[in-house]
Amino acid sequence: MSWSNFDKLISIYTFEIRLVNLTPLSIGAGKSATSALEGLDNPVVRLNGKVYVPGSSLKGALRSEAEKYVRTTYGESPEYVCDILNPKGENGELSLKDKLNENYVPCLVCRIFGGPTVASHIKVFDAFSQNSVTETRKCVSIDRVTGGQHPGRLFDIEYIVPYSEFNLTMEIENIDILNNTDESKVIRYLLKKMINEGIQIGARKSIGLGIIKIKSFDVTKHYLEDGKLQKEVVKEKLTNLISTEVK
């Protein structure tokens, strides 16, 4: 697969996914939104009054999981995982491009999720819920030196209660997830993890918050044939392929 192949339509896989959070989910709206909910220190993010999972939060979590998988499976060389936070550093994409010139290829993770030299092949849209319920929890600040609580430093967090469901749309452009390229293998690993175990997003992951997984999904492949847009439902093919791969 060419790492920069957006000049033509090879395929677009469109996922319609039902997500469920297994533990309380807290994706904060930021300090600017605190005043909107009087007396609440850490409200969850909302759009037009509805709670949702931002696509950027989910995509960031998927990228982190991809980096872990790639480092473990392929190694820690920057050709597989670059230093995305420091693109001009020793292992950053921009430095690698300067060093390798015409032999340069973005790292494996950037070839999927995008980076300084290539656009993302994955689009993750905001995931909305029609009937999620939120609750609040009172927390206490911990003194990092003594390990005890800071006297008087109580605060409230808002969270989405467990087993809320969200509708997510995700698109994968010009990566054929049914073949055996490295990019496809990484994507299938992420899907398998999301189906079987879930991943964590949002705040307070160290105390178990934010575990979400795929409850159900459908996936359709769109492609051009003889100048006409074709559509193929490929859930069964993809499910069979994921289930036969090594855990």
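The fraction of Cα-Cα pairs per 10 angstrom bin, counted from 0 for the chain, comes to 7, 26, 29, 24, 11, 2, 0, 0 percent, rounded to whole percents. Averaging the sequence gap over all C-alpha pairs within less than 8 Å and six or more residues apart, then dividing by the number of residues, gives the chain a relative contact order of 32 percent. For the chain, take the longest principal axis of its alpha carbons; what is the angle in degrees between that and the long axis of helix 235-244, to the nearest 10 within 0 to 90? Taking Cα atoms only, the helix is inclined about 80 degrees.
For K215 and N86, the FRET efficiency from 1/(1 + (r/R0)^6), where r spans their Cβ atoms and R0 equals 51 Å, is about 0.85. Taken one residue at a time, the phi angles of the range 176-182 give Karplus couplings (6.51, -1.76, 1.60, θ = phi - 60°) of 7, 6, 9, 9, 10, 6, 4 Hz. Gly and Pro are set to x. For the peptides 91-99, 51-59, 230-238, the ranking by packing is 51-59, 91-99, 230-238, with the highest mean count of neighbouring Cβ atoms within 10 Å listed first.
Where does helix 55-74 land angle-wise versus the long Cα axis of the chain, in degrees 0 to 90, nearest 10? It works out to around 60 degrees. Residues S4, S26, ranked from the fewest to the most other C-beta atoms within 10 Å, line up as S4, S26.
Within straight-line reach of K228, meaning a Cα separation under 19 Å, sit the following lysines at least 8 residues removed in sequence or on another chain: K8.
For the residue pairs K193/K221; K193/K231; K68/K237, alpha carbon separations beyond 23 Å are given by K193/K231; K68/K237.
Values in this text are rule-based calculations from the coordinates and carry no lab data. Remember, it's a predicted structure, so these values are computed and weren't measured experimentally. Cβ sites come from the backbone with ideal geometry, for glycine too, and all protein chains shown count toward neighbours.
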